Amino acid sequence: MSLDEAIRNRIEEQVNNSKVVLFMKGTPRQPQCGFSAKTVAALDSVWPDYASVNVLEDEEIREGIKVYSNWPTIPQLYIDGELVGGCDIVLGMLNTGELHQALGLEPPDRTPPELTVTDAAAEKIRQAMAGHEGIDLHFQIDANWDSQFNLAPAQEGEIAAESNGIKVMMDLATAQRARGATIDWTSTMTGEGLTINLPEAPPPVRDLSVKDLKSKLDADEILLIDVRSAEDRARASIENAAVLDEAMMDKLAGMPRETELAFMCHTGVSSRGAAEYFRKQGFTRVNNVTGGIDAWSKEIDPSVPVY
């Protein structure tokens with residue numbers, strides 16, 4: 001299949017405009033497919049300053065890049081103008097250190113993390129693996145600090161850590177996030193299963209009362225971010241509250257991760273999702289305003305209308 005010369009020129013300009021370019025579905029902040037999300041996570045862990053092209057916004061580029069590269073799937077990663085490959089290749093290169101080499105970086109630290117498998121967890125894992133030859137326990141922590149376990153054969157480039165007679169296989173990024181982790185077995189009203197405590201994970205989102213928020217605002221100790229729509233902000237707002245728009249997203253991306261943040265909505269429900277997102281981006285002091293602007297109106301400033 002031939003490629004229109006104008007489309008080829010557009011693609012070549014995108015490929016050569018930056019050292020690292022990812023053609024993907026969605027954006028790095030909001031990937032629109034699992035393979036794009038995994039590739040973004042891999043790049044973010046070693047080379048966060050890369051360019052991206054959202055193929056969902058341009059059908060000509062979406063189809064044209066497949067012809068240009070003679071590669072049938074998306075995402076596609078280019079380094080120094082050359083096609084590296086798709087999701088599986090990028091993940092494999094990350095684990096073996098080849099991605100670091102391609103980017104001109106120092107070899108990654110492949111030291112197995114120290115972790116603890118409790119007696120209860122070790123017993124359950126042995127029971128699950130009994131009679132199954134050639135499989136291992138695999139543990140993964142993604143860029144959002146969400147974790148999962150599965151049983152499968154070992155894969156090339158994985159890092160092995162051992163505790164309580166249990167070998168745990170991890171990819172490179174997981175190994176670096178899993179330092180000091182404890183794997184346990186717990187039973188609750190809703191079921192039972194393996195659980196993980198991750199000391200390296202960002203602290204949980206804290207609930208912040210409107211009284212404490214006012215004290216911090218008066219002392220200029222916190223950045224308040226309003227996640228509501230423009231219509232809702234027009235009805236009721238707090239002076240100097242920032243708006244969670246594209247410009248603020250870019251600003252937050254460059255802020256020190258110890259900056260204290262507070263997220264606010266109408267009643268404190270939808271803002272928690274925004275707060276959790278930024279906690280997973282590495283911010284260590286993230287708050288959700290309890291009761292939202294309604295609580296602010298009732299307890300701090302009655303001139304702010306309740307709606």
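The stretch 68-174: which GluC sites (Glu not before Pro) are DSSP loop and have at most 10 other beta-carbon atoms within 10 angstrom?
Values: sites: Glu82, Glu98, Glu114, Glu123, Glu133, Glu156, Glu158, Glu162; in loops: Glu114, Glu133, Glu156, Glu158.
Here the sparse-neighbourhood loop sites are Glu133, Glu156.
Leaving out ligands and nucleic acids, note down the accessible area per residue over the stretch 131-211 with a 1.4 angstrom probe, in whole Å².
Details: 4320 Å² over 81 residues.
That works out to 53 Å² per residue.
Dividing the convex hull volume of the Cα atoms of the stretch 97-235 by its residue count, what figure in Å³ per residue is obtained? Can you show the working numbers first?
Details: hull volume 31.8 nm³, N = 139.
Normalising the Cα hull of the stretch 97-235 by residue number yields 228 Å³.
Please give the per residue accessible area of the stretch 18-90, computed with a probe of 1.4 Å over protein heavy atoms only, in Å².
46
Could you tell me what a quarter of the Cα convex hull surface of the stretch 12-125 works out to, in nm² with one decimal place? Spell out each step's value before the answer.
Numbers: hull surface 36.2 nm².
Across all orientations, the stretch 12-125 yields a mean hull projection of 9.1 nm².
Which of Gly85, Ala122, Met189 sits farthest toward the positive end of the charge dipole of the chain, with +1 on the Cβ of Lys and Arg and -1 on the Cβ of Asp and Glu?
The residue sitting most towards the positive pole is Met189.
Sort 209-216, 173-180 for me by packing, meaning the mean count of neighbouring Cβ atoms within 10 Å per residue, highest on top.
Details: 209-216: 16.8, 173-180: 20.0.
Per-residue mean Cβ counts within 10 Å order the peptides as 173-180, 209-216.
As an exercise, identify the chymotrypsin sites (Phe, Trp or Tyr not before Pro) in the stretch 132-206 lying in DSSP coil whose Cβ has no more than 11 other Cβ atoms within 10 Å. If you can, show how the numbers build up before the last one.
On the way: sites: Phe139, Trp145, Phe149, Trp185; in loops: Trp145.
When the chymotrypsin sites (Phe, Trp or Tyr not before Pro) of the stretch 132-206 are filtered for loop state and at most 11 Cβ neighbours within 10 Å, nothing remains.
Work out the FRET efficiency for Gln101 and Glu246 from their Cβ-Cβ distance, taking R0 = 41 Å, and round it to the nearest 0.05. Don't jump to the answer; show the numbers that get you there.
Working: r = 35 Å, r/R0 = 0.85.
Once rounded, the FRET efficiency stands at 0.75.
Per residue of the chain, what 222 nm ellipticity follows from adding -39500 (n - 2.57) for every DSSP H run with n ≥ 4, rounded to the nearest 500? Walk me through the numbers on the way to the answer.
Working: 12 runs with 110 residues, N = 307.
For the chain, the value works out to -10000 deg cm²/dmol.
Could you state the number of Å between the C-alpha centres of the stretch 54-83 and the stretch 99-175?
32
Considering only protein heavy atoms, what per residue accessible area in square angstrom results for the stretch 237-307 with a 1.4 angstrom probe? Numbers along the way, then the final one.
On the way: 3390 Å² over 71 residues.
Counting only protein heavy atoms, the per-residue value for the stretch 237-307 is 48 Å².
Based on Cβ point charges of +1 for Lys and Arg and -1 for Asp and Glu, what charge dipole magnitude is obtained for the chain about its Cα centre, in debye rounded to the nearest 20? Intermediate values should be presented prior to the final figure.
Details: 28 positive and 49 negative charges, 122 e Å.
Dipole about the Cα centre, nearest 20: 580 debye.
How large is the translational diffusion coefficient of the chain in µm² per second when you combine the Kirkwood radius over alpha carbon pairs with Stokes-Einstein at 10 °C and 1.306 mPa s? Show your work: numbers first, answer last.
Working: Rh = 22.4 Å.
Once the numbers are plugged in, D ends up at 71 µm²/s.
Determine the dipole magnitude for the stretch 197-246: charges of +1 sit on the beta-carbon of Lys and Arg, -1 on that of Asp and Glu, nothing else is charged, the reference point is the Cα centre, and the result goes in debye to the nearest 20. Write down the numbers at each step before the final one.
Numbers: 7 positive and 12 negative charges, 48 e Å.
Approximately 220 debye in magnitude.
Give me the net charge for the shell around Val20: Cβ to Cβ below 14 angstrom, other residues only, Lys and Arg +1, Asp and Glu -1.
On the way: positive: Lys19; negative: Asp44, Asp49, Asp80, Glu82.
My count for the surroundings of Val20 gives -3.
If you roll a 1.4 angstrom probe over the protein chains with everything in place, what fraction of the accessible area of the chain belongs to carbon and sulfur, to the nearest %?
On the way: 7600 of 16080 Å².
Looking at the chain in its full context, I get 47 percent from C and S.
What's the long-distance tail for the stretch 154-306, i.e. % of Cα pairs beyond 25 Å? Present the calculation step by step, with values, prior to reporting the outcome.
Numbers: 5206 of 11628 pairs.
The answer is 45 percent, as a whole percent.
The values are calculated or read from the model by the stated rules, or taken from the named source; none is laboratory data. As the structure is a computational prediction, the values presented were derived from the model and not from experiment. Ideal geometry is used to build each Cβ from the backbone, glycine not excepted, and the neighbour counts take in all protein chains shown. All accessible areas refer to the heavy atoms of the entire protein, side chains included, with ligands and DNA or RNA removed. Shrake-Rupley method; radii C 1.70, N 1.55, O 1.52, S 1.80 Å.
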